[in-house]
Amino acid sequence: FLFLISLLYMNAQQSIHDFSITTIDGKDLPLSSFKGKKMMIVNTASKCGFTSQYMELQNVHEKYADQLVIIGFPANNFGGQEPGTNDEIISFCKKNYGVTFLLSEKINVKGAEIAPLFKWLNHQENNSFKGDVLWNFEKYIIDEEGNLIQRFRSTTKPNSTKIINLL
């Protein structure tokens, strides 16, 4: 029964703007506040081989902030690579990478406790692929109307021409 309710809820969301998140500092943030801007959604981790992408995400944030909102979603779903608390995560990100782009509270991006946003993102039709997140630092590019336009696996860097050309 809960599965059916979950499916109905997931299907009720027509765009990413129908969701709200809780930021890493505990504030509720409706994603509708970003209508008219593109978004990059990234599941992150502090102890991963791809963690250095925080620096590239920060550089893209600084260069394209007028047209792109980046939101990192810390998750401990892959190899225990994000064991920290929200306070530890934000401290790590600021100290080591100077992160000023948005971070959500720590969430799950797969499994039974998957956050509704990622459940929705993972089932959107687009020109790349759909299904579960495979590892940390997957990137979802969202258009100004809140639709998923492209998804990239961890190996595609945030500042790659594949991503920048979509902005």
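The values are calculated or read from the model by the stated rules, or taken from the named source; none is laboratory data. Computed from a predicted model, the values in this text were never measured in an experiment. Neighbour counts run over all protein chains shown; Cβ positions are idealised from the backbone, glycine included. When the accessible area is computed, the model is the full protein with side chains, heavy atoms only, and any ligands, DNA or RNA have been set aside. Shrake-Rupley method; radii C 1.70, N 1.55, O 1.52, S 1.80 Å.
Within the range 62-82, residues that are among the polar types (S, T, N, Q) sit with their Cβ atoms under 7 Å from residues that are open to solvent by 10 Å² or more (accessible area, probe 1.4 Å) and in a strand (DSSP E or B), at 6+ positions apart or across chains, in these pairs: GLN67/LYS38. Can you tell me which residue among LYS119, LYS63 is open to solvent by 30 Å² or more (accessible area, probe 1.4 Å), within 22 Å of ILE142 (Cβ to Cβ), modelled with pLDDT of 95 or more and out of contact with any strand residue (DSSP E or B) (no Cβ under 8 Å at 6 or more places or on another chain)? Step by step, each of LYS119, LYS63 is checked, and only LYS63 is open to solvent by 30 Å² or more (accessible area, probe 1.4 Å), within 22 Å of ILE142 (Cβ to Cβ), modelled with pLDDT of 95 or more and out of contact with any strand residue (DSSP E or B) (no Cβ under 8 Å at 6 or more places or on another chain). Assessment of the range 93-111 against the conditions (in contact (Cβ under 8 Å) with a residue 60 or more places away in the chain and in contact with a Lys or Arg (Cβ under 8 Å, 6 or more places away or on another chain)) yields no matching residue.
Is it the case, given these coordinates, that MET39 is aliphatic (A, V, I, L, M), within 16 Å of the chain's Cα centre (by Cα) and open to solvent by 50 Å² or more (accessible area, probe 1.4 Å)? Criteria not met by MET39. Condition test on ASN86, is it farther than 22 Å from HIS17 by Cβ, touching an Asp or Glu at 6+ places or on another chain (Cβ under 7 Å), surrounded by fewer than 20 Cβ atoms within 10 Å (Cβ to Cβ) and in contact (Cβ under 8 Å) with a residue 40 or more places away in the chain? In short, yes. The residue of the range 129-149 that is nearest to CYS48 (Cα to Cα), among those that are open to solvent by 40 Å² or more (accessible area, probe 1.4 Å) and in contact with a strand residue (DSSP E or B) (Cβ under 9 Å, 6 or more places away or on another chain), is TRP135. Within the range 65-83, the set of residues being farther than 17 Å from LYS35 by Cβ and either touching a helix residue (DSSP H, G or I) at 6+ places or on another chain (Cβ under 9 Å) or not hydrophobic (A, V, I, L, M, F, W, C) (or both) comprises GLY72, PHE73, PRO74, ALA75, ASN76, ASN77, GLY79, GLY80, GLN81, GLU82, PRO83.
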